[in-house]
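A short write-up of the structure that comes next.
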Amino acid sequence: MRRTSRYSRRDRELGMDRCISRRDFLQGAALGAALPLLPGVLRAAANPAHPAARAADYYPPAMTGLRGDHPGSFEVAHGIRDGARVEAGRDTGERYDLVVVGAGISGLAAAHFYLAARPHARILVLDNHDDFGGHATRNEFEVDGRLLLMNGGTLSIESPTPYSAVADGVLREIGIDRRRWEKGLNDPEAYTALGLGDGVFLDHETFGADHLIVRREGVPLSRALAGAPLSAAVKRDLARIEEGREDFLPGLASDAKKDRLSRISYRQYLLEVVRADPKVCDYYAKLPHGLWGVGIDAVSALDCWGVGLPGFQGLGLAPGSTPRMGFTPAGVADHGWTPTVHFPDGNASIARALVRRLVPAAIAGTGIEDLVTARADYARLDQRGAPVRIRLSSTATRVAHLDPAKPARGVEISYVRAGGAERVQGRHCVLACWNRVIPFICPELPETQRAALSAPSKVPLLYISVALRNWQAFVKLGVSHLYAPGGYYSDMRLNEAVRIGRYATSRRPEEPMVVHATRTPCAPGLAEHEQNRIGRADILATSFETFERNMREQMARMLGPGGFDPARDIAAITVNRWPHGYAHEFNSLFDPLLPPAQRPNVIGRTTRGSIAIANADAAAAAYTDQAIDQAYRAVGELES
């Protein structure tokens, strides 16, 4: 039970003194103090989340508080980055055909491909987190006897380009037929059938008054904006941008317009080309956050056109991409989005299906329908004698060929976990961790490759899952999704309506529901990579208590007029923090346009002897199909 004296009256009104699961002490200072980074030597990670140190009910998906890159998952890597000396560790005597560093979808897919080519192979998969899946992680709650699921990372099976035969084939092999689940799994009309639309919450700090704009389908924008604390000029400009057909670049051909748009930000476009009121930029400021993790100042106007942001409908642009577009907008411009398939826990279902294939004893059942509600047995992931073993809470510290002159002799992999520093050997190794980690743990790579691996900066972001006892306030206000351009959290939405096997999202407002929210801290006005760096530091320095307080306050302000009471209605909060989130895509405002062979992701993924690299960074695209394709390439390039 918490002492309430430390909380203000407002804190108590928000429910900060209520007894929901919080693990700040375990995951914060106490854990940090326990990590023995002794006199410049990195010996062991005293990670209390390691299965061997947990009770029999160890089950990461149900943990709340700080998740994602949880405390205990990154301190060893940061120690290496900061110059701590790494001990080789105790030789466990284990010898494998393949050792994979990283149990995300790319790493699990690499193990899958390797095993398919070598059915009798012995494989070890290492991961620094206390759960498998990487960014494809699962949040699980039980509220009033009802199981609630939410993605803690990767949201859906979707892509701006057609799925390759390889990626599509893997999904079918593990029991996921995309075409079957495109219909019948998700119900996109579930909330519109209740009369719910999109909402835009204007906060008083930015716009002068708290006000909710409800955008229902078929309702003119002028009607939706009635009563909003916006000047008449801003309302006219918003209507021009969203509903007008004006050509803001008259006299230019389509190709010239696209080139011009690729060299200015969306913010510049609104201010200098559309000549909109500056307050319009406040309204649209965070629209790109969900795709790029930065605002309208750091994304090109052309890329914003590519994904369908407003203001371009009168320009008469020809369909299709140009070389000066990023991966996502170029793909959408050429192909449109592939049909989306969203499982209740997002693409954690893909990770779980791969684990079930690799370690059948860990997850019972045979089909996707029973996989969704199956409980993984983490004690079976790393069993002696099993052909495939997944070893969690184990951070790789050094990867090197036994003899660089004769790479076919194999690779030695050192890692740190609760029991201390250990090392194993593998005939082959796939590095399926993040690119920027690799130069620190694999120093034998040539300098050009190390520089390429270090070049891109991953996009930091937060995915927050809030378990509610009911969602009646959303219905009373007429919204299922809220965009908050001035909010601490920029986006908040009811969980997608899903029905599969024995699991179904709530369809009755008085029943429990999970809300998904996002935050992508950035520093407008700076280059994208610098914004990423600042955002990453912000995420790591912020306590769970701060995330929680801001969530409760913002939900109270947005949903309070609908009867929402954060102290009464919030059952649990899980903050999935990803300081190294999305893989970096080409950005024409900041990145040079290079031939494919000269791009950092291509140089960085070069296979060296018995060490290959597979991850979304290697594709420069943050999509599951790209991660799978890179795993296929990496395994294929390993020496036979």
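The values are calculated or read from the model by the stated rules, or taken from the named source; none is laboratory data. What you are looking at is a predicted structure, and each value in this text was computed from that prediction instead of being measured. Note that we place each Cβ from the backbone using ideal geometry, even for glycine, and neighbour counts take in every protein chain shown.
Only one of these conditions is not met by Leu402: (1) under 19 Å from Asp97 (Cβ atoms); (2) in contact with a Pro (Cβ under 9 Å, 6 or more places away or on another chain). Which number is it?
(2)
Can you run down the residue pairs with Cβ atoms below 7 Å, 6 or more apart or on separate chains, where the first is in region 80-93 and assigned by TED's automatic domain parsing to the domain that holds Asn128 and the partner is at pLDDT 90 or above and surrounded by fewer than 18 Cβ atoms within 10 Å (Cβ to Cβ)?
Within 7 Å, the pairs are Gly89/Gly420; Arg90/Gly420.
Go through the residues of region 583-594 one by one and say whether even a single one is assigned to a helix (DSSP H, G or I) and at pLDDT 95 or above.
The answer is no; no qualifying residue exists.
Go through region 152-216 and tell me which helices (runs of 4 or more DSSP H), entirely inside it, have 1 or more residues that are modelled with pLDDT under 90, more than 19 Å from Ala622 (Cβ to Cβ) and not charged (D, E, K, R).
Result: 178-181.
So in region 417-449, with the set limited to residues that are more than 25 Å from the chain's Cα centre (by Cα) and of a type in the set (Val, Ile, Thr), which one is nearest to Ile105 (Cα to Cα)?
The residue in question is Val424.
Go through (1) outside the structural domain of Gly487 (by TED's automatic domain parsing); (2) surrounded by fewer than 18 Cβ atoms within 10 Å (Cβ to Cβ) and name the single condition Thr542 misses.
In the conditions (1) outside the structural domain of Gly487 (by TED's automatic domain parsing); (2) surrounded by fewer than 18 Cβ atoms within 10 Å (Cβ to Cβ), Thr542 misses (1) alone.
Out of all the residues in region 522-534, is one or more assigned to a loop (DSSP other than H, G, I, E, B), surrounded by 22 or more Cβ atoms within 10 Å (Cβ to Cβ) and not assigned by TED's automatic domain parsing to the domain that holds Thr366?
yes
Go through region 496-508 residue by residue and tally those that are part of a loop (DSSP other than H, G, I, E, B), in contact (Cβ under 8 Å) with a residue 40 or more places away in the chain and of a type outside the set (Asp, Glu).
Residues meeting the conditions: 6.
Mind checking which residues of region 450-474 are over 17 Å from Gly65 (Cβ atoms), crowded, with 20+ Cβ neighbours inside 10 Å and under 16 Å from the mean Cα position of the chain (by Cα)?
Lys458, Val459, Pro460, Leu461
What pairs come out if I take residues in region 581-596 that are assigned by TED's automatic domain parsing to the domain that holds Ile105 and touching a residue at least 24 places away in the same chain (Cβ under 8 Å) and pair them with residues that are surrounded by fewer than 20 Cβ atoms within 10 Å (Cβ to Cβ) and among the hydrophobic types (A, V, I, L, M, F, W, C) whose C-beta lies under 7 Å away, six or more apart or interchain?
Phe590/Ala527
Could you tell me which numbered condition Arg549 fails, if it satisfies all but one of (1) assigned to a loop (DSSP other than H, G, I, E, B); (2) more than 19 Å from the chain's Cα centre (by Cα); (3) touching a residue at least 40 places away in the same chain (Cβ under 8 Å)?
Single failed check for Arg549: (1).
Pick out, from region 360-477, the strands (runs of 3 or more DSSP E) lying fully within it that include 3 or more residues that are more than 30 Å from Arg178 (Cα to Cα) and outside the structural domain of Thr520 (by TED's automatic domain parsing).
395-401, 411-417, 420-431
Can you tell me which residue is modelled with the highest pLDDT among those in region 45-62 that are assigned to a loop (DSSP other than H, G, I, E, B) and crowded, with 20+ Cβ neighbours inside 10 Å?
The extreme case among them is Ala49.
Taking Met513, is it surrounded by 20 or more Cβ atoms within 10 Å (Cβ to Cβ) and within 24 Å of His580 (Cα to Cα)?
Here the answer is no, as Met513 does not meet what is asked.
Quickly run through region 186-211 and pick out the residues that are buried (at least 19 other Cβ atoms within 10 Å of the Cβ) and either β-branched (Val, Ile, Thr) or within 23 Å of the chain's Cα centre (by Cα) (or both).
Those that are buried (at least 19 other Cβ atoms within 10 Å of the Cβ) and either β-branched (Val, Ile, Thr) or within 23 Å of the chain's Cα centre (by Cα) (or both): Asn186, Val200.
Can you tell me which residue among Leu291, Leu252, Leu287 is under 23 Å from Leu462 (Cβ atoms) and in a loop (DSSP other than H, G, I, E, B)?
That would be Leu287, the only listed residue that is under 23 Å from Leu462 (Cβ atoms) and in a loop (DSSP other than H, G, I, E, B).
Out of curiosity, is Ala621 assigned by TED's automatic domain parsing to the domain that holds His129, in a loop (DSSP other than H, G, I, E, B) and of a type in the set (Gly, Ala, Ser)?
yes
Can you tell me which residue within region 567-581, out of those that are assigned to a strand (DSSP E or B) and among the small types (Gly, Ala, Ser), is nearest to the chain's Cα centre (by Cα)?
Within region 567-581, the match that is nearest to the chain's Cα centre (by Cα) is Gly581.
Among (1) within 17 Å of Ser321 (Cα to Cα); (2) in a loop (DSSP other than H, G, I, E, B), which single condition is Asp247 missing?
(1)
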